[in-house]
Amino acid sequence: MMRLYTGMESGNSWKVRILLEQLEIPYEKVYVDLLTWEHKKKEFIANINPRGQVPVLEDGENRFWDSTACMVYLARKMNRTDWLPLEADKMADVMHWIALAHCEIHFGLQYGRRGVMRDRWVIGNGSNLPEYQKFGRGAMNTMETRLSKQDWLSGDHITIADIACFPYVLNSPEAGIPHDEFPGIRRWLDRCLAMPRWAEPPRAPTRDYPDMPADAG
Ligand SMILES: N[C@@H](CCC(=O)N[C@@H](CS)C(=O)NCC(=O)O)C(=O)O
């Protein structure tokens, strides 16, 4: 059976859980305690993920870290070209949105939200929130351009592009960017949430997140 290392609070792990559910693949969950920095312990970095993050997906001898690597593996392994098309133009179009998820959404929405929710800032002490929001808003404006014209980010049905962008756009109000000014995104979020077998959301992050211990990897 496949195994997913996931965090209770992890939006990136949610992406992989969503696809596993959509593809009806049974899997075992292993919770990595992000609060106690288990993901930065030497054994985790040496044996599970050199990047010190979740999600990580194991399938037999194969181990993949990074939500996109996991989703690409699952879609290709199951030969689901509906979730990840193979034609050059269609695959490249999916990659537009994956790139957005790993750049402006990650650094703007994910890190901005983490700062607001837990008072943990990648850069500075919170005075940079407007800069995080500028990245995040840029991503959402780009998505709105597409979603004001079509139901899904790429092509005429849901793909891994939608899953990659979904969690941190859903939670953008917690990074201080409300959905009000993005009607296309609001309709798209409802469409995603109405999909059958959409995996349960992660638990909301708490503020009492201790500092990383000095001996962490
Ligand atoms: N690019 C990675 C990002 C993963 C990521 O940011 N995971 C978070 C949990 S949602 C994490 O493990 N953070 C701990 C850290 O980055 O130190 C992916 O898409 O999987």
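The values are calculated or read from the model by the stated rules, or taken from the named source; none is laboratory data. All values reported here derive from a predicted model rather than from experimental measurement. When we count neighbours, we look across all protein chains shown, and the Cβ atoms used for this are built from the backbone with ideal geometry, even at glycine. The protein model used for the area step is the full one, side chains on, heavy atoms only, and it has no ligands, DNA or RNA in it. Shrake-Rupley method; radii C 1.70, N 1.55, O 1.52, S 1.80 Å.
For the range 108-217, give the magnitude of the charge dipole about the Cα centre (Cβ charges: +1 Lys/Arg, -1 Asp/Glu; no others), in debye to the nearest 20.
On the way: 14 positive and 14 negative charges, 26 e Å.
In debye, rounded to 20, the range 108-217 gives about 120.
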Treat every Asp and Glu Cβ in the chain as -1 and every Lys and Arg Cβ as +1, leave all other atoms uncharged, and give the resulting dipole magnitude about the Cα centre to the nearest 20 debye. 140 debye
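Pop the C-beta distance of GLN150 and MET8 into the FRET formula with R0 = 41 Å and round what comes out to the nearest 0.05.
Details: r = 34 Å, r/R0 = 0.83.
Efficiency at R0 = 41 Å is approximately 0.75.
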Quick one: Karplus J couplings for the range 5-12, per residue in order, coefficients 6.51, -1.76, 1.60, θ = phi - 60°, nearest Hz, x for Gly and Pro? 7, 9, x, 3, 9, 8, x, 6
Rg followed by Dmax, in Å, when the range 88-193 is reduced to its Cα trace: 13.6, 43
Using θ = phi - 60° and the Karplus curve 6.51 cos²θ - 1.76 cosθ + 1.60, what whole-Hz ³J(HN,Hα) does each residue of the range 20-27 get, with Gly and Pro shown as x? 4, 5, 4, 8, 6, 9, x, 7
How big is the range 2-77 in terms of Cα radius of gyration and Dmax, in angstroms? 11.6, 34
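Per residue, what accessible area does the chain have, given a 1.4 Å probe and all protein chains present, in Å²? Could you put the intermediate results ahead of the total?
Working: 10580 Å² over 217 residues.
Using a 1.4 Å probe on heavy atoms only, each residue of the chain averages 49 Å².
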Through the Karplus equation 6.51 cos²θ - 1.76 cosθ + 1.60, θ set to phi - 60°, convert the phi angles of the range 108-125 into ³J(HN,Hα) values in whole Hz; use x for Gly and Pro. x, 7, 5, 6, x, 5, 4, x, 5, 6, 10, 6, 10, 10, 5, 10, x, 10
Stretch gain in nm, segment GLU87-CYS103, where the contour uses 0.36 nm per residue and the Cα spacing is subtracted: 3.3 nm
Taking r as the C-beta separation of ALA199 and VAL122 and R0 as 35 Å, the FRET efficiency to the nearest 0.05 is 0.85
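Under the 0.36 nm per residue contour assumption, what length would be gained going from the current alpha-carbon distance of GLU24 and LYS40 to full extension?
Details: separation 16, 0.36 × 16 = 5.76 nm, distance 3.10 nm.
Full extension of this stretch gives 2.7 nm more.
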If you take the charge dipole of the chain about its Cα centre, with +1 on Lys and Arg Cβ and -1 on Asp and Glu Cβ, which of VAL169, PRO130, TRP14 is farthest toward its positive end? PRO130
Let me have the 222 nm mean residue ellipticity of the chain computed from DSSP H runs of 4+ only, each contributing -39500 (n - 2.57), with the sum over all residues rounded to the nearest 500. -13000 deg cm²/dmol
Inter-probe distance in nm under a simple model that places probes 7 Å from Cα toward Cβ, at HIS96 and ASN79: 3.0 nm
Accessible surface of the range 129-178, 1.4 Å probe, proportion on carbon and sulfur as whole %: 56 percent
Can you list residues whose amide H is under 5 Å from VAL56's amide H, if they're 5+ apart or on another chain and H is modeled 1.01 Å from N? TYR5
Computed over all unlike Cα pairs, the Kirkwood hydrodynamic radius of the chain in Å stands at 17.9 Å
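If R0 is 30 Å, what FRET efficiency do you get for MET212 and ALA69 from their C-beta distance, rounded to 0.05?
On the way: r = 25 Å, r/R0 = 0.82.
Taking R0 as 30 Å, the efficiency between MET212 and ALA69 is 0.75.
Using the reciprocal of the averaged 1/r over all distinct C-alpha pairs, how large is the Kirkwood radius of the range 92-143 in Å?
Values: mean 1/r = 0.0902 Å⁻¹.
Evaluated on the range 92-143, it is 11.1 Å.
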Percent antiparallel among DSSP beta bridges confined to the range 2-77, nearest 5, equals 60 percent
